[in-house]
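Here, each number is a calculation from the coordinates, and none is a lab measurement. This structure is a prediction, so every number in the text was calculated from the model and none was measured. Cβ placement follows ideal geometry from the backbone for every residue including glycine, while neighbour counts extend to all protein chains displayed.
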Amino acid sequence: MRFGAGVRRVPRNPGRRGSRLESWSQRNEAEGADPAVPQPWLALSLLCAALCTSVGAHGTHAALRARRSLGRLGVRGVQTRGEVANSPRRVGTSYHPPQIRYEAPPPGHPSAPATQTYRQVPLNPDAPNALYRGTPVTLRYDPADPRRAVVVRTAKSYSPTANLVWCALFTAFGVGLAVFSLL
C-alpha cells in the first residue's frame, strides 16, 4: 500500500481569500486596508539607520581625535613596541599621568641600536585608550629626541586609521539604509 492511499485530497479553491496565489498587498486591498498607512518595516529600518549613523558618527569623532593626537609628535616618528609602566593615578590633589616603557637609541644618535630603555609620559596620555600597568602598546617616538613619544594603540585595539575607516563606512551604511528605506 502506498503512502497516503487512504487520504482523500480536497482541491483548494483558487478564488478563496487567503489562497497561496494572492499576495499580501492584494489581501489588504481586498479587506479594505488603507494603502497610505505606513508599514512597520519603514519605522524599523529608519530606526536602524539612525542608530548606525549615530554610532558611526560617534566612532568617527573618536577616531579623528586619536589621529590628531598622533600629530602632537610633529614628525612621522619611528614605530616600536613597549608597555605601560605606571597607570594614571591621583595622590592627594595631584594627578600623575600614565608612563610608558620602551627601548630606543640614545638621544642624539638615531642610527644607533635601540639599547636604552625610556620611561616617559606620552605626549597623548588621554588617547587612544585607557593605559593601565602592564598593557602592551604600540608607540611612535621622535628619532631626534626619543624621549618624545605618542601611543598609537594598545594591544587590544585597532589603529586610529582602521577605526576611522570602519566608522566612516558604518555612517555611510546608516545614511544609505535611510535613503533606501525612503525610496
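For this structure, a couple of remarks:
- Per-residue HN-Hα couplings for the stretch 176-183 [Karplus 6.51, -1.76, 1.60; θ = phi - 60°; Hz; x = Gly/Pro]: x, 5, 5, 5, 5, 6, 7, 6
- Amide H contacts under 5 Å for T135, placed H, 5+ residues apart: V84
- Net charge over other residues, Cβ less than 9 angstrom from the Cβ of H96 (K, R count +1; D, E count -1): +2
- Our coupling estimate for the stretch 56-61, obtained by passing each phi through the Karplus curve with A = 6.51, B = -1.76, C = 1.60 and θ = phi - 60°, is x, 5, 5, x, 5, 4 Hz, Gly and Pro reported as x.
- Residue-by-residue Karplus 3J(HN,Hα) for the stretch 84-93, coefficients 6.51, -1.76, 1.60, Hz, glycine and proline x: 7, 7, 9, 6, x, 8, 10, 10, x, 9
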